[in-house]
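Chemist: Provided herewith is a single structure, encoded as structure tokens, for subsequent inquiry.
The values are calculated or read from the model by the stated rules, or taken from the named source; none is laboratory data. It should be emphasised that the depicted structure is a prediction, and the values quoted were computed from it without experimental measurement. We place every Cβ from the backbone using ideal geometry, glycine too, and count neighbours over all the protein chains shown.
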Amino acid sequence: MSGTPAPVDPRRWTALAFIAMAQFMVIMDTSIIGVALPEMQADLGFTQGDLSWVFNAYVVAFGGLLLLGGRLSDLFGARRMFSAGWVVLAAGSLMAGVANEIWVELAGRAVQGAGSALIAPSALTLLMMLFGSNPKELTKAFALYGAAAPAGGTAGVFLGGVITQYTSWPWVFYINIPVAVITLIAIPRLMPSAPARRGSIDIAGAFTATAGLGAIVYAVVRAPEVGWAAAETWLILAAGLALTGLFVAVQARRREPLMRLSILRTPSLAGANLAQLLLAGAWIPMWFFLNLYLQQVLGLGAFASGSALLPMTGAVMLMMIVAAPWFMSRFGPKTMIVSGMAALAAGMLWLSFVRPGGSYWIDVLPASLVAAVGMSLAFIPSLGMAISSARPEEGGLASGIVNTSYQIGSALGLAAMTAIAASQGAEELGDLTALTDGFSAAFIGAAAIATAGTVLAAATLRKPALQGGGASSPETQSAVNH
């Protein structure tokens, strides 16, 4: 690293606030609709089975289009794609809010997901452009960015309850529009620009990646409803796997692929993305079923349930912003990821002892704080390793890959744990013992995912090299190594 530090630009911290806000919003949009679903069902005529697609339409579009979003960010510039993403997100939010038919609502949610797929990878690329030359500041920036994700997830539940109770369900979507307008005004003044690069857009790769990932998620999400043994489940899953295989074949042949397959051979990049996938696969189901336990078993209302999750969110934010950089400087990313996943598994296992007549202070709070510490320790270093291992000109691609890993892990983990919970009685509304047994089974399943993450992280990750190997700068590598 150069002996002369880069000049301090106070605006980059303001820019980081908007980048973190982007992460906050795209994650919040996955959770804010939860409390509003009953009113949406009554107004729009959703069946009980189809109601879940208000959530799934967003997640499938988001996860399926992230690789394309990363490629577009690399070709046309992160700032342009960041702006375009906010325009698309605002349009989708308006569409979802004014919807008076089911198909319009689901289309609006899918458009929201497409906008988020442009925002998320370009936001990470902008973060690297702003802070990549200063290792200490980069670690802090990653911490602030990382803390925005769990904050958005919990805030979605909390705000969804407040908005639904005091206004009406369309406002869970309209809330995105003023945020988008303010961000679009700020972008030209705060965000760094990069010239567009010559290159082609891999349409075939974008289609096969999106369709393949979408089909796999669709099959897993729908399986609890139609049955895991149903022909529909396995036919759709086979189609998704075939499309994913076709995507790999297309990438291997193209001169300018959507995803350079050799990027996965970059030291620790594949392992870091696997850690993100399994981290999301454990964390999101825990948050989802913990909220159900609070409301359906302990009898808390939507507002009280959201408030009950605030200590966990506060712990995550405090750990990520204050403690994670300190631990990274002393123990390195691999130790943090392994220990974090192990702590997350321990917290999940503790939560599996919830009781039908339990207490928030005994059954929920201590175990949720342990899980929050584990998530905090693992998230920042795995994210940093996944981004910094790639070439600088492929920052958008690396961002798209790691965001895809997290979103697909979220969708698949939640779908699988939902099936496990249902098989153990979680569909027996009103039977507190059966509900608790189902939720406990889901927590055990999530603990198993986190345990697998612990073992695989220990086996696959290694310290990033400071020179050679990957194409990241020594300063960037140092940020995640130290």
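Chemist: Please indicate, with yes or no, whether at least one residue in segment 35-54 is in the same structural domain as residue 106 (by TED's automatic domain parsing), buried (at least 24 other Cβ atoms within 10 Å of the Cβ) and at pLDDT below 85.
Modeler: yes
Chemist: Residues in segment 382-401 that are over 18 Å from residue 60 (Cβ atoms) and at pLDDT 80 or above: how many?
Modeler: 5
Chemist: Then there's this: If a residue counts only when it is touching a residue at least 60 places away in the same chain (Cβ under 8 Å) and among the β-branched types (Val, Ile, Thr), which helices (runs of 4 or more DSSP H) contained entirely in segment 154-263 have at least 3 such residues?
Modeler: 176-190, 203-226
Chemist: Starting from segment 426-446, take each residue that is without any contact (Cβ under 8 Å) to a residue 12 or more places away in the chain and list its partners that are buried (at least 17 other Cβ atoms within 10 Å of the Cβ), counting only C-beta distances under 6 angstrom and pairs at least six apart or across chains.
Modeler: Listed pairs, sorted by first residue: 434/425.
Chemist: I'm told residue 299 meets every condition in (1) assigned to a helix (DSSP H, G or I); (2) more than 22 Å from residue 141 (Cα to Cα) except one. Can you identify the failing condition by its number?
Modeler: (1) is the only condition that residue 299 fails.
Chemist: Moving on. List every residue pair whose Cβ atoms lie under 8 Å apart, where the two residues are 6 or more positions apart in sequence or sit on different chains, the first residue falls within segment 62-73 and is among the basic types (Lys, Arg), and the second residue, located anywhere, is surrounded by 24 or more Cβ atoms within 10 Å (Cβ to Cβ) and at pLDDT 85 or above.
Modeler: The qualifying pairs do not exist here.
Chemist: Provide a single number: the residues in segment 91-104 that are assigned to a helix (DSSP H, G or I) and surrounded by fewer than 23 Cβ atoms within 10 Å (Cβ to Cβ).
Modeler: 8
Chemist: Also, quick follow-up: For segment 355-365, does any single residue satisfy the condition of being part of a helix (DSSP H, G or I), over 30 Å from residue 433 (Cα atoms), at pLDDT 90 or above and out of contact with any Leu (no Cβ under 6 Å at 6 or more places or on another chain)?
Modeler: no
Chemist: When you look at residue 249, is it surrounded by 20 or more Cβ atoms within 10 Å (Cβ to Cβ) and either closer than 30 Å to residue 352 by Cα or not assigned by TED's automatic domain parsing to the domain that holds residue 343 (or both), yes or no?
Modeler: Judged against the criteria, residue 249 is not a match.
Chemist: Then there's this: Counting only residues that are of a type outside the set (A, V, I, L, M, F, W, C) and modelled with pLDDT of 85 or more, which one in segment 315-344 is nearest to residue 32 (Cα to Cα)?
Modeler: Looking at the filtered set, the residue picked out is 340.
Chemist: It is to be established whether one or more residues within segment 112-124 are β-branched (Val, Ile, Thr), at pLDDT below 95, over 22 Å from residue 72 (Cα atoms) and part of a helix (DSSP H, G or I).
Modeler: No, that holds for no residue.
Chemist: With surrounded by fewer than 24 Cβ atoms within 10 Å (Cβ to Cβ) and of a type outside the set (Gly, Ala, Ser) as the only criterion, which of 387, 380, 362 stands out?
Modeler: 362
Chemist: Scan segment 169-205 for residues that are buried (at least 21 other Cβ atoms within 10 Å of the Cβ) and at pLDDT below 85 and jot them down.
Modeler: The answer is 202, 205.
Chemist: Read through the list (1) among the small types (Gly, Ala, Ser); (2) more than 23 Å from the chain's Cα centre (by Cα); (3) part of a helix (DSSP H, G or I), then give the number of the only condition that residue 324 fails.
Modeler: (2)
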